[in-house]
Amino acid sequence: MKRLVAIIGAGAAFAVLLVLYPSPSAELAQAAVVTHERSSAPLSEGATLRVQLAASRNQVDSLQGQLDRAIKIIGYSGQYGVSADLTAKVYDAAVAENIDPELAFRLVKLESEFNPRAVSPAGAMGLTQLMPATARFYQKNLRASQLFDPDLNLHIGFRYLHGLVEQYHGRMDTALLVYNRGEVAVRAATAEGKSPTNGYERILMRGYKGPGIID
């Protein structure tokens, strides 16, 4: 019984150290060893406890990440009046393509009103309003009808936006304008000495203070 109490006490000491100091310093590690030496439990058993506690901490971190994701999805779902399923698709695609989810939701709202089957007069399709020719740059042999698939459309659309941000050296306003109007139209207006803006980027960015991309 005394040995069991000693083991539990050693484990509790490690738990406190791990909670207070997620990355223990050499001094803390030494303190942990002293704690074990003062107990009647062998150091090997203490090491086993440490491994178990580390595994538990990883599980807690994983659960915390899942909880944070769920909270954000619930928030965006309520904010934009979209189903949790579609909200999760937009959020996950944005994170996967290194786009700030807040910016991603703004873009989808403005482009398609979250309608997966939206088609513009110019032929842009789906949630992020991609032109089939643009989408084929990222996925060859893509059929236009495939752009009605939410997952595919979101990933390609956000990947395209991320590429534009890099192409224009972080100038989010220019990247968004090119995304909406097309590079040819923007260049043509600029070459004629006209402002290429149509107000799209100002509407989408109004009140937005995020980073845009989250590399």
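Please pick out the residue among Tyr138, Tyr76 that is closer than 20 Å to Asp215 by Cα and either surrounded by 15 or more Cβ atoms within 10 Å (Cβ to Cβ) or of a type outside the set (D, E, K, R) (or both). Before you say what the answer is, go through the steps one by one.
Details: Tyr76 fails: closer than 20 Å to Asp215 by Cα.
Matching residue, one of Tyr138, Tyr76: Tyr138.
Kindly indicate whether Leu142 is touching a helix residue (DSSP H, G or I) at 6+ places or on another chain (Cβ under 6 Å) and free of Cβ contacts under 8 Å to residues at least 24 places away in the same chain.
yes
For segment 196-211, how many residues are under 17 Å from Phe105 (Cβ atoms) and either surrounded by fewer than 14 Cβ atoms within 10 Å (Cβ to Cβ) or not charged (D, E, K, R) (or both)?
As a first pass, look at segment 196-211 and keep what is under 17 Å from Phe105 (Cβ atoms): 200-201, 203-211.
Now narrow it down to the ones that are either surrounded by fewer than 14 Cβ atoms within 10 Å (Cβ to Cβ) or not charged (D, E, K, R) (or both): 200, 203-211.
The qualifying residues number 10.
Can you go through Ala118, Ala133 and tell me which one is free of Cβ contacts under 8 Å to residues at least 12 places away in the same chain and touching a Gly at 6+ places or on another chain (Cβ under 7 Å)?
On the way: Ala133 fails: touching a Gly at 6+ places or on another chain (Cβ under 7 Å).
Only one candidate passes the filter, namely Ala118.
So, in segment 127-141, how many residues would count as being farther than 14 Å from Tyr179 by Cα and assigned to a loop (DSSP other than H, G, I, E, B)?
Number satisfying all stated conditions: 3.
In segment 165-180, what residues are surrounded by fewer than 18 Cβ atoms within 10 Å (Cβ to Cβ) and either basic (Lys, Arg) or closer than 19 Å to Ile203 by Cβ (or both)?
Filtering segment 165-180 for residues surrounded by fewer than 18 Cβ atoms within 10 Å (Cβ to Cβ) gives 166-171, 173.
Once the filter is applied, which keeps residues that are surrounded by fewer than 18 Cβ atoms within 10 Å (Cβ to Cβ) and either basic (Lys, Arg) or closer than 19 Å to Ile203 by Cβ (or both), segment 165-180 yields Tyr168, Arg171, Asp173.
So which residues in segment 74-97 are touching a residue at least 24 places away in the same chain (Cβ under 8 Å) and not in a helix (DSSP H, G or I), if there are any at all? I'd like the intermediate steps shown before the answer.
Taking segment 74-97 and keeping what is touching a residue at least 24 places away in the same chain (Cβ under 8 Å), we get 76, 79-80, 82, 86, 89-90, 93-97.
Result: Val82, Glu97.
Laboratory data are not the source of any read-out in this text; all were calculated from the coordinates shown. Please read all numbers here as calculations on a predicted model, not as lab measurements. All Cβ positions, even for glycine, are placed from backbone atoms using ideal geometry, and neighbour counts span all protein chains on display.
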